[in-house]
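Here's the structure, in structure tokens; my notes come after.
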Amino acid sequence: MKENNQRPRKKGHNKKHTAPYVHKSKIRRKSNREKIRMIPIGGMGEIGKNMTVFEYKNQAIIVDCGLKFPDEGMPGVDIVLPDFDYVRKNKNKIKALIVTHGHEDHIGGIAYLLKEANIPVYATKFTMGLIEKKLIEHNLLSKAELNVIKPGERFKIGDFEIEPIKVTHSIRSRWPFPSRRRPPRSSTRGTLRSTTSPWTESRSTCSALPNSEARG
């Protein structure tokens, strides 16, 4: 008589195991869309040294390059500049410098930046005039590639599409720049004041910011 060495089957052993139902909306699909990266070089948590990098794919643009005046704990220091280490390491991908307005904390470091990387500069006419004076002091005017942009007109730099939006600030010709690239969008809004401009007696176009995002 043969012995039965098989273990007794547990109750319900023959039932098939099925994976739990997961609704399609809960499944995260990997997106093939490129993301835009914002890298603050200076001006975050401090007053001065405003400088921000926007990266998309293998391209980058810089918005503003200002300086900071030293405090009482910096004897012998005349000015404080942003850290240009990113610029030195990524010269080939940086397409341009875009300047929002002419305050020192936004333009004071441009001459020093162009010594590291001679990239094209974009600004409105009034702001460009202030930049030119600084470049003359550093003997850089003849070497610089300066581009005057018209307020309110979109322009492209590589894969970036830039739209200047008028706001009122304590200096004329203040234009933050929403940069748009389908699908990602971003904007350099800075300090906004929705008041009548004392120089032009015209209203700011801050209301265009959400509209520009809606247009894509």
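Apply the Karplus curve 6.51 cos²θ - 1.76 cosθ + 1.60, θ = phi - 60°, to the phi angles in segment 121-137 and return the couplings in whole Hz, x for Gly and Pro.
Whole-Hz 3J(HN,Hα) from phi for segment 121-137: 10, 10, 6, 6, 4, 5, 5, 5, x, 5, 5, 4, 4, 5, 5, 4, 4.
For Gln59, enumerate residues with amide H under 5 Å from its amide H, sequence gap 5+ or separate chain, H modeled in the peptide plane.
none
Can you work out the Karplus-derived ³J(HN,Hα) for every residue in segment 76-83? Use 6.51 cos²θ - 1.76 cosθ + 1.60 with θ = phi - 60°, whole Hz, and x for glycine or proline.
Residue by residue, segment 76-83 yields x, 9, 8, 9, 10, 10, x, 6 Hz.
Sort 111-121, 141-151 by packing, meaning the average of other beta carbons within 10 Å per residue, with the highest value first.
The densest-packed peptide leads the list: 111-121, 141-151.
Sorted by average packing, counted as other Cβ atoms within 10 angstrom per residue and highest first, what order do 154-166, 80-92 take?
154-166, 80-92
Applying the Karplus parametrisation 6.51 cos²θ - 1.76 cosθ + 1.60 with θ = phi - 60° to the phi angles of segment 50-61, what ³J(HN,Hα) value in whole Hz is obtained for each residue in order, glycine and proline being reported as x?
Coupling constants for segment 50-61: 5, 6, 10, 10, 10, 10, 9, 6, 10, 10, 8, 10 Hz.
Go through 54-65, 123-134 and give me the packing order, highest mean Cβ count within 10 Å leading.
Taking the mean over residues of other Cβ atoms within 10 Å, the ranking is 54-65, 123-134.
Between beta-carbons, use under 11 Å as the cut-off and find the net charge around Leu114, counting Lys and Arg +1, Asp and Glu -1.
Net charge around Leu114: +1.
Structure shown: which of Lys89/Lys150; Lys68/Lys143; Lys35/Lys125; Lys35/Lys143; Lys49/Lys150; Lys57/Lys134 lie over 30 Å apart, alpha-carbon to alpha-carbon?
Among Lys89/Lys150; Lys68/Lys143; Lys35/Lys125; Lys35/Lys143; Lys49/Lys150; Lys57/Lys134, the Cα-Cα distance tops 30 Å for Lys89/Lys150; Lys35/Lys125; Lys35/Lys143; Lys57/Lys134.
Taken together, the values in this text are just the output of simple stated rules run on the coordinates, not laboratory data. Fair warning: this is a prediction, and the values are worked out from it, not measured in the lab. A quick note on method: Cβ atoms are made from the backbone with ideal geometry, for glycine too, and the neighbour counts reach across all protein chains shown.
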